[in-house]
Structures are given as C-alpha cells and as structure tokens.
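The values are calculated or read from the model by the stated rules, or taken from the named source; none is laboratory data. Since the structure is predicted, the reported quantities are computational estimates derived from the model, not experimental observations. Heads up, the Cβs are rebuilt from the backbone with ideal geometry, glycines too, and the neighbour counts pull from every protein chain shown.
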Amino acid sequence: MREQGGRLWIWLDPHGGIGGPAVIYLASALERPGASKATSRLRSARRPHRFDVFDGPGYQVFFDHGKFALPDELHLVLKRFPKRRVDAFWDGKIFVDADLPEDA
C-alpha cells in the first residue's frame, strides 16, 4: 500500500439477482475507482462517489458508504495470493447488511 502512496479507496458494490434482493459487497482498490482497467470493469466504479477521508499513520482511507451510516468497524486485510490486494469487511462481514439503518 505504501508503494501506491498510502491510499486505499473503498466503495459499495451492489449485486442483485432478477427479482431477488440485492447483496452489497465492499470493493477496494489502491487507486481511485475507474482509474485502471482493473477497477473500470466494476459497474459500481463507474458511478459517482462521495468519499469520506480517514487519515492514519502513513496512509489514507477514502470510504464511500453510500446511504448507510458508517460501520462500527471497518476491517482491512492484506491478501498476498494469488495477487496482492486489500479486502475490506463491514463490521467483520464481506457484505453490507440490508437491515442497517439508513441516513436521512
């Protein structure tokens, strides 16, 4: 992450089935959504985002939580196989709960 300027972008990536409820995952990248072929392939990366910025020692997290309130905890896990990436988890889950209270 340091090699990329110490910045991590996290945004909501909804997936829905035909007639079924949507499941909202968290997408994360070491670059702004849509800045490369890897992030441009995600439909959610092509829509407008409003990021809140959180500063840590030597890094920044840009987080678009959509219409939901911030999670109690945002877990970040560095994965090294099959390629290096950072996965984000909303309160320890890979998806956003549908019953989360929405901001007004």
### Task
Could you please find all residues in segment 59-85 being more than 18 Å from residue 49 (Cα to Cα) and of a type in the set (Phe, Trp, Tyr)?
59, 81
### Query
Restricting attention to segment 23-58, which residues are in a strand (DSSP E or B), without any contact (Cβ under 8 Å) to a residue 60 or more places away in the chain and surrounded by fewer than 17 Cβ atoms within 10 Å (Cβ to Cβ)?
52, 53, 54, 55, 56
### Query
Counting just the residues of segment 71-104 that are in contact with a Lys or Arg (Cβ under 9 Å, 6 or more places away or on another chain) and more than 17 Å from residue 27 (Cβ to Cβ), which one comes out modelled with the highest pLDDT?
102
### Message
Going residue by residue through segment 59-75, is there one that turns out to be of a type in the set (D, E, K, R), closer than 19 Å to residue 7 by Cβ and surrounded by 14 or more Cβ atoms within 10 Å (Cβ to Cβ)?
### Response
yes
### Summary
For segment 58-68, the count of residues that are under 14 Å from the mean Cα position of the chain (by Cα) and over 14 Å from residue 27 (Cα atoms) equals 3
